[in-house]
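The values are calculated or read from the model by the stated rules, or taken from the named source; none is laboratory data. Remember, it's a predicted structure, so these values are computed and weren't measured experimentally. Don't worry about glycine lacking a Cβ; one is built from the backbone with ideal geometry, like all the others, and counts go over all protein chains shown. SASA here: full protein model, heavy atoms, side chains in, ligands and nucleic acids out. Shrake-Rupley method; radii C 1.70, N 1.55, O 1.52, S 1.80 Å.
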Amino acid sequence: MTAPLWQKGALELDAAVQRFCAADDVVVDRELFPFDVRATAAHTAGLGRIGVLTGDEVARLHALLDELLARFTDGRFVVDDRFEDGHTAIEAFLTEQSGELGKKVHTARSRNDQVLVAARLWLKERLQQLDATTAAAAAACLDAARTTGNVVMPGYTHLQRAMPTTLAAFFLGHAESLLDSRDAARAALVLVDKNPLGTGAGFGVSLPLDRDGVTADLGMQGVVVSPQAAQNSRGKVELFALQALHLATLDVRRLAWDLSLFSTAEFGFVALPDRYTTGSSLMPNKRNPDVVELLRTLPAVVEGAMAETQAVLSLPSSYHRDLQATKAPVVRAFARALQGLGFVPALVQNLRFDESALRAAVSPDMHATDRALELVVQGLPFRDAYKQAAAEIPTYAGRSIDDSVQQRVSLGGAGNLGLERVADRLRR
Ligand code: ARG
């Protein structure tokens with residue numbers, strides 16, 4: 001391993017201890033690395049503006065950082081266990097390439113604010129992906145609501161037949177829920193998109209850093225003012241982001257559950273796209289809904305990451321090495337959940353519904369609530385109408401109930417007007 005940044009003299013480092021402390025940092029830091037390089041460029045530009053680096057030095061450092069990023073991207077530079085962490089790798093590269101100049105890059109910053117800004121920039125990109133991914137899933141559900149139009153299906157509560165509804169209402173419901181989760185991602189983004197760089201180890205630095213300029217360079221929406229708040233935010237912003245991610249995975253778990261239930265032979269309402277199912281190694285007859293089943297596991301992955309993050313955060317103020325352990329679970333959860341959420345649009349677009357099976361599962365008794373309200377309109381108090389509608393159930397068979405279903409679904413928000421209102425939200 002190259003010497004750690006903090007090694008001053010001849011002290012012999014215990015290799016096993018170093019490996020324990022570094023843990024999987026060099027692997028996890030590969031995720032953060034491009035953001036760390038970008039923040040390093042912004043930091044050095046800021047040092048240039050306050051006269052700590054010359055214009056020429058900044059230009060040379062920027063050229064080297066570009067080179068580093070290019071080599072990292074195409075695999076010529078690997079962040080591996082030659083380094084204690086990704087931050088060390090940056091300084092080691094710059095120093096190896098430029099000697100004295102590289103040694104200046106860490107002026108007025110600490111790895112404590114360096115990792116904070118890299119993690120926030122990384123998280124910002126993930127939340128933007130979450131925003132786009134939930135929107136794409138919502139759009140697919142909204143399209144499904146439009147194209148399935150008035151197709152009638154049974155609605156269930158307690159998994160018992162309840163009232164007739166429509167595929168449009170079913171899909172609109174999923175679309176709107178996903179848009180709520182998109183709002184949560186945006187709320188998390190507001191918190192994440194603030195720049196902690198320039199707060200040093202947690203107590204500021206004695207140079208008049210151009211924090212606003214660096215923030216603008218990084219394209220972030222504000223600064224974290226207090227160095228202590230910056231340190232104490234580590235893990236907390238990650239947790240908020242995980243919570244937003246969790247909400248989206250809960251939406252998808254419900255949709256996945258609905259589809260796995262409705263695609264059983266017993267329901268027979270929908271066929272999943274072939275390429276989203278797998279076979280059995282033993283039973284030649286099987287097609288298994290593995291994709292929707294694994295979509296159901298996404299909340300578990302995120303909950304695991306939330307639990308791990310929360311457990312680590314039981315700390316007093318300021319930096320503690322414990323905080324290093326907030327990175328891996330967040331990276332893992334976003335990678336897996338975004339991968340899964342990405343399948344939702346194509347899954348929804350390729351579902352094939354069996355309209356006659358849906359209709360056949362709507363039994364006449366399910367009309368009782370609509371009938372009771374029909375009687376209310378004719379002047380009966382609701383409780384009397386309820387009893388009369390119940391008594392009439394044996395006479396429902398053969399009645400056309402579609403008009404009252406469509407009317408109710410439309411009043412319930414899944415008519416054209418409702419679809420347009422959700423579409424409006426999707427466009428925002
Ligand atoms: N790998 C460390 C982390 O992720 C970097 C910061 C190290 N800071 C320190 N004071 N040891 O937290």
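Which order do the peptides 247-255, 210-218 come out in when sorted by mean C-beta neighbours inside 10 angstrom, highest first?
Ranking the peptides 247-255, 210-218 by packing returns 247-255, 210-218.
What span do the alpha-carbon atoms of segment 217-373 cover on each of the three principal axes, reported in whole Å from largest to smallest?
Here the spans come out as 65, 53, 33 Å, largest first.
Using just the alpha carbons, could you tell me how many Å³ per residue the convex hull of segment 120-168 encloses?
76 Å³
For segment 62-113, just say rounded, prolate or oblate: build the C-alpha gyration tensor, square-root its eigenvalues into a ≥ b ≥ c, call rounded for a/c under 1.5, and beyond that prolate if a/b exceeds b/c, oblate if not.
Verdict is oblate for segment 62-113.
Compute the Rg to Rh ratio over segment 142-224 from the alpha carbon atoms, using the Kirkwood formula for Rh, and round to two decimal places.
When Rh is taken as the Kirkwood radius, the ratio is 1.42.
Which residues make up the longest stretch of the chain clear of chymotrypsin sites (Phe, Trp or Tyr not before Pro) that lie in a DSSP loop with no more than 14 other Cβ atoms within 10 Å, not counting the sites?
Longest run free of exposed loop sites: 204-428.
Could you tell me the extents of segment 1-57's C-alpha atoms along the three principal axes, largest first, rounded to whole Å?
42, 31, 14
For segment 233-333, run through the GluC sites (Glu not before Pro) and keep only the ones in DSSP coil with at most 10 other Cβ atoms within 10 Å of their Cβ.
For GluC sites (Glu not before Pro) across segment 233-333 that sit outside H, G, I, E and B with at most 10 neighbouring Cβ atoms in 10 Å, the list reads GLU266.
Cα gyration tensor of segment 243-289, axes a ≥ b ≥ c as square roots of the eigenvalues: rounded (a/c below 1.5), prolate (a/b > b/c) or oblate?
Judged from the Cα gyration tensor, segment 243-289 comes out prolate (a/c at least 1.5, a/b above b/c).
Let a ≥ b ≥ c be the square roots of the eigenvalues of the Cα gyration tensor of the chain; is it rounded (a/c under 1.5), or, if not, prolate (a/b larger than b/c) or oblate?
Prolate, since a/c reaches 1.5 and a/b exceeds b/c.
Which one of GLY379, ILE401, GLY418 has its Cα pushed farthest toward the positive end of the charge dipole of segment 360-428, where Lys and Arg give +1 and Asp and Glu give -1 at the Cβ?
With unit charges placed on the Cβ atoms, the residue in question is GLY418.
Using the Cα atoms as the points, what is the convex hull volume per residue of segment 298-392 in Å³?
Considering the Cα atoms of segment 298-392, their hull volume per residue is 233 Å³.
Using the Cα centre of segment 243-319 as the reference point, and only Cβ charges (+1 on K/R, -1 on D/E), how large is the resulting charge dipole? Debye, rounded to the nearest 20.
Charge dipole, segment 243-319, about its Cα centre: 140 debye, nearest 20.
Restrict the search to segment 323-424; then list the trypsin sites (Lys or Arg not before Pro) that DSSP places in a loop and that have at most 14 other Cβ atoms within 10 Å of their Cβ.
Within segment 323-424, the qualifying trypsin sites (Lys or Arg not before Pro) (loop, at most 14 other Cβ atoms within 10 Å) are ARG399.
Based solely on its DSSP helices, what 222 nm [θ] is calculated for the chain when runs of n ≥ 4 H residues each add -39,500 (n - 2.57) and the sum is averaged over all residues, nearest 500 deg cm²/dmol?
-19500 deg cm²/dmol
For the chain, what is the charge dipole size about the Cα centre, in debye to the nearest 20, if Lys and Arg each add +1 at the Cβ and Asp and Glu each add -1 at the Cβ?
Result for the chain is approximately 480 debye, rounded to the nearest 20.
Less than 25 Å apart at the alpha-carbon level, and either on another chain or at least 8 residues along: which lysines does that give for LYS103?
Within the straight-line cut-off, LYS103 pairs with LYS8.
Once Lys and Arg get +1 and Asp and Glu get -1 on their Cβ, which of PRO208, THR165, SER177 lies farthest toward the positive end of the dipole of segment 157-213?
THR165
Along the charge dipole of the chain, pointing to its positive end and built from +1/-1 on Cβ of Lys, Arg, Asp and Glu, which listed residue (GLN114, ALA335, LEU272) has its Cα farthest out?
LEU272
For segment 44-91, state which trypsin sites (Lys or Arg not before Pro) are in a DSSP loop and have at most 16 other beta carbons lying within 10 Å of their beta carbon.
ARG76, ARG82
Estimate the FRET efficiency between LEU13 and ALA187 by the formula 1/(1 + (r/R0)^6), using the beta-carbon distance for r and 56 Å for R0, to the nearest 0.05.
It comes to 0.80.
Can you give the local net charge around ALA389? Use residues other than it whose beta-carbon is closer than 13 angstrom to its beta-carbon, Lys and Arg +1, Asp and Glu -1.
Local charge sum for ALA389: -1.
Let me know the Rg and Dmax you get for segment 61-219 when you use only its Cα atoms, in Å.
Calculated on Cα positions, Rg and Dmax stand at 24.5, 76 Å.
Where Rh denotes the Kirkwood radius from the mean inverse Cα pair distance, what is Rg over Rh for segment 172-275?
1.27
Along the principal axes of its C-alpha atoms, what lengths does segment 260-321 span, in descending order and rounded to whole Å?
Here the Cα extents, ordered largest to smallest, are 58, 25, 17 Å.
Taking R0 as 45 Å, what's the FRET efficiency between THR73 and SER314 from their Cβ-Cβ distance, rounded to 0.05?
With R0 = 45 Å, the Cβ-Cβ based efficiency is 0.75.
With the other protein chains left in place, how much accessible area per residue, in square angstrom, belongs to the chain at a 1.4 angstrom probe?
47 Å²
Round to the nearest 0.05 the FRET efficiency obtained for ARG82 and VAL225 when R0 = 41 Å and r is the Cβ-Cβ distance.
Computed FRET efficiency for ARG82 and VAL225: 0.65.
By how many degrees, between 0 and 90 and to the nearest 10, does the Cα long axis of helix 368-377 differ from the longest principal axis of the chain?
The angle comes out at about 70 degrees.
Taking the Cα centre as origin and putting +1 on Lys and Arg beta-carbons and -1 on Asp and Glu beta-carbons, what dipole magnitude results for segment 342-428, to the nearest 20 debye?
Here the size comes out at about 380 debye.
Suppose each label sits 7 Å from its Cα in the direction of the beta carbon; what would the LEU207-ARG161 distance come out to in nanometres?
Simple spin-label model gives 7.6 nm for this pair.
Does anyone have the angle between helix 382-392 and the longest principal axis of the chain? Alpha-carbon axes, 0 to 90°, nearest 10?
Tilt of helix 382-392: around 60 degrees.
Label points 7 Å out from Cα along the Cβ direction at ILE50 and ALA397: separation in nm?
8.5 nm
Any idea what angle helix 111-148 forms with the longest principal axis of the chain, computed on alpha-carbon atoms, 0 to 90 degrees, nearest 10?
The helix 111-148 is inclined about 20 degrees to the chain.
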